[in-house]
Amino acid sequence: MNRRTVLGSALIGAAAATASTASAKAAKPKGKTGPRNLITDVAGIKIGQAQDANARTGVTVILCEKPAVAAVDVRGGGPAGRETDVLKAENLVQEVDAIVLSGGSVYGLASADGIAAWMGMRGRGYGMGGGAGVPPSPIVPAACLYDLANGGDKQWGMDPPYRQLAVEALEGAGDAFALGTAGAGYGAQAGGLKGGIGSASAVTSDGWTVGAIAAVNSVGSVIAPDSKQFWAAPFEIDGEFGALGTADLSAAHEDWGSAKFNPRPRENTTIACVATDVALSRVECQRLAIMAQDGLSRAIRPAHAPFDGDTVFVLSTGKITIDDPAQRNIAVSRLGNIAADVLARAIARGVYEATAYDGSATGTWKSPG
């Protein structure tokens, strides 16, 4: 065998080995979702949604079957929120009854009023031991996105629809719910594409569940420039948002791709909630919320801008306990990393599943227009 033949054989062998390695990497499992691949895979969480097609807006309610420990992390420069201060670790109440995500900007904050009234009438909420006839105080934090300029009829005068939409959503809460153009994501726009409501879940090797839900109305783009590939593609499981892979995930530092043109303050937001069935303290939930915000950075470019109102809530339903104190910080680290991945996937799914409403000039991921 001459030197050229030996060299050729070596190169062929190296190429085969590289191909085999690439194939092995491509086949590497990326994790396991819950049975629905929704936040409702977390035991104790239900979702209800309602929308007003004429006004092009809607509400999503995250219902805790029992009060759940909660926290929030706000990173955007233009948030619209309710009862976020009550979630600070040093404050009295440690649990919430529900979380509301809504369209409507400041008008949407009334959605939580509807939930509070509905729950209070039924005796649910935080009580101070008052006498007969003293109602409890349901704890219902909320975050809203801006969808006022999407062409819907917003001439509602003194009667914005959000309070009633929230009650309708709550009364229909369950395990299954629509993604895309639904609920709080009905009137959303994500960069240059139609936004929407997205959700995803993950189950760890030891049986912990983490789920996320997001209403995506970002100034930034969820796809790479000149591509349809989602920035969240490295975390995709089972082709849940198109299975296009990661080959085209690159951009110059000043290239925002299909981000919104001329973004204006308070008109852009990604609002989200992450839930887990692992029992966590308020402080541990806060760390989880901080870590989960990385999911926005993994899925949207840019994220946390002055124009956004990016807000992430966290809920712990406490179904699974970790008794070894030495393992708790490790557990929180694991959960936080998973939460960021799951939230990134939820964001991509919200845009992937979005459909256009009648008369909309905004393209969707599936039909760019």
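Considering only residues of segment 290-332 that are in a helix (DSSP H, G or I), under 30 Å from Pro225 (Cβ atoms) and among the small types (Gly, Ala, Ser), which is farthest from the chain's Cα centre (by Cα)? The qualifying residue farthest from the chain's Cα centre (by Cα) is Ser297. The number of residues in segment 143-152 that are at negative phi, small (Gly, Ala, Ser) and part of a loop (DSSP other than H, G, I, E, B) comes to 2. Before we move on, is Ala149 crowded, with 24+ Cβ neighbours inside 10 Å and either closer than 21 Å to Arg298 by Cα or among the hydrophobic types (A, V, I, L, M, F, W, C) (or both)? Against the criterion (crowded, with 24+ Cβ neighbours inside 10 Å and either closer than 21 Å to Arg298 by Cα or among the hydrophobic types (A, V, I, L, M, F, W, C) (or both)), Ala149 does not qualify. Only residues that are surrounded by 24 or more Cβ atoms within 10 Å (Cβ to Cβ) and of a type in the set (D, E, K, R) were counted in segment 346-369, giving 1. Leu343 falls short of the stated requirement of being more than 23 Å from Phe230 (Cβ to Cβ), crowded, with 22+ Cβ neighbours inside 10 Å, at pLDDT 90 or above and out of contact with any Asp or Glu (no Cβ under 7 Å at 6 or more places or on another chain).
Within segment 333-369, the set of residues being part of a helix (DSSP H, G or I) and either more than 20 Å from Gly34 (Cβ to Cβ) or without any contact (Cβ under 8 Å) to a residue 40 or more places away in the chain (or both) comprises Ser333, Val351.
Only a single criterion out of (1) outside any loop (DSSP other than H, G, I, E, B); (2) more than 15 Å from the chain's Cα centre (by Cα); (3) of a type in the set (S, T, N, Q) is not satisfied by Gln155, namely (1). Would you mention how many residues in segment 38-62 are in contact with a strand residue (DSSP E or B) (Cβ under 8 Å, 6 or more places away or on another chain) and surrounded by fewer than 22 Cβ atoms within 10 Å (Cβ to Cβ)? Final tally of qualifying residues: 3. So for segment 191-213 (the condition being more than 17 Å from Ser297 (Cβ to Cβ), part of a loop (DSSP other than H, G, I, E, B), at pLDDT 90 or above and basic (Lys, Arg)), does at least one residue qualify? No, segment 191-213 has no match at all.
The values are calculated or read from the model by the stated rules, or taken from the named source; none is laboratory data. Since the structure is predicted, the reported quantities are computational estimates derived from the model, not experimental observations. Glycine gets a Cβ as well: all are built from the backbone with ideal geometry, and neighbour counts include every protein chain shown.
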